[in-house]
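Down below is the structure, laid out as structure tokens.
Here, each number is a calculation from the coordinates, and none is a lab measurement. Predicted model, so just to flag it, every value in this text is computed and none were measured. Reconstructed Cβ throughout: ideal geometry from the backbone, glycine too, with neighbour counts over all protein chains shown.
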Amino acid sequence: MLWPLGWRLARRGYVPHFFAYHGRGVFVHNVARFARFALARGRTVNVVGHSLGGVLALAALSANPDIGVGALVLVAAPVRGCASARRLAAHPLGRWML
């Protein structure tokens, strides 16, 4: 999803690193994996997170003060929840889908 943005950032001198996670995986495991990924990048990282990836990045950075953050950009990240997901979860079929 973010490859085009990574390409544009690279043209402006940044070195993008892409973190892939399993959306259906255990959230806290993905948070821990991202924290290790960010720590391996160096002292200060700039992070762009899209959708659930943004929520995951925010959780990892909040829980790990050793990660130096230069900038954090959240693109369409449901940090205050998602009304459509709450409505979907109210129905048995929706719970199964989520």
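Among the residues making up the stretch 69-98, those that are touching a residue at least 12 places away in the same chain (Cβ under 8 Å) and under 16 Å from the mean Cα position of the chain (by Cα) are VAL69, GLY70, ALA71, LEU72, VAL73, LEU74, VAL75, ALA76, ALA77, PRO78, VAL79. One residue stands out among those in the stretch 37-58 that are farther than 16 Å from VAL75 by Cβ and among the small types (Gly, Ala, Ser): the one that is surrounded by the most Cβ atoms within 10 Å (Cβ to Cβ), which is ALA38. Taken over the stretch 23-43, residues that are without any contact (Cβ under 8 Å) to a residue 24 or more places away in the chain and either of a type in the set (S, T, N, Q) or touching a helix residue (DSSP H, G or I) at 6+ places or on another chain (Cβ under 7 Å) (or both) amount to 0. Residues in the stretch 9-36 that are within 17 Å of VAL73 (Cβ to Cβ), surrounded by 11 or more Cβ atoms within 10 Å (Cβ to Cβ) and of a type outside the set (A, V, I, L, M, F, W, C): TYR14, PRO16, HIS17. Being part of a loop (DSSP other than H, G, I, E, B) and at positive phi: is that true of GLY13 here? Answer is yes for this residue. Of all the residues that make up the stretch 59-98, how many are loosely packed, with under 13 Cβ neighbours inside 10 Å and assigned to a loop (DSSP other than H, G, I, E, B)? Going through the stretch 59-98 one residue at a time, the tally reaches 7.
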